[in-house]
1. Tell me yes or no: at least one residue of the stretch 23-32 is surrounded by 10 or more Cβ atoms within 10 Å (Cβ to Cβ) and modelled with pLDDT under 85.
2. Please state which one of 67, 19, 38 is at pLDDT below 90, surrounded by 10 or more Cβ atoms within 10 Å (Cβ to Cβ) and among the charged types (D, E, K, R).
3. Within the set of pairs 6+ apart or on separate chains, which have a first residue in the stretch 26-37 that is in the same structural domain as residue 4 (by TED's automatic domain parsing), a second that is in a helix (DSSP H, G or I), and C-beta atoms under 6 Å apart?
4. I'd like to verify a number: residues in the stretch 3-22 that are in contact with a helix residue (DSSP H, G or I) (Cβ under 6 Å, 6 or more places away or on another chain) and of a type in the set (S, T, N, Q), how many?
5. State all residues of the stretch 41-63 that are at pLDDT 90 or above and part of a helix (DSSP H, G or I); if no residue qualifies, say none.
Amino acid sequence: MSNLYGDGHRMFQDQHDTRALADRLEAMAHAEFDDRDREFIASAPMFFLSTVDDHGMPTVSYKGGNRGSCG
């Protein structure tokens with residue numbers, strides 16, 4: 001059972017042979033930034049932050065500016 005993907009997502013992944021990729025992405029997902037994440041973000045000129053609310057509704061926002069000012 002997936003904590004990230006619903007039945008509709010899984011059906012679509014199976015139709016397009018992307019379930020293995022989705023499983024890998026799910027394995028990489030985590031609720032909080034760790035030191036490695038912070039280091040990567042601090043070194044990036046910009047990134048996109050994706051979150052999901054308690055109803056499962058996603059949002060994606062652009063974060064950018066001077067290097068190191070994103071965190």
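The values are calculated or read from the model by the stated rules, or taken from the named source; none is laboratory data. Please read these numbers as outputs of a predicted model, since none were measured by experiment. Reconstructed Cβ throughout: ideal geometry from the backbone, glycine too, with neighbour counts over all protein chains shown.
1. no
2. Only one candidate passes the filter, namely 67.
3. That search, which allows pairs on different chains as well, returns nothing.
4. 1
5. Result: no residue meets the conditions.
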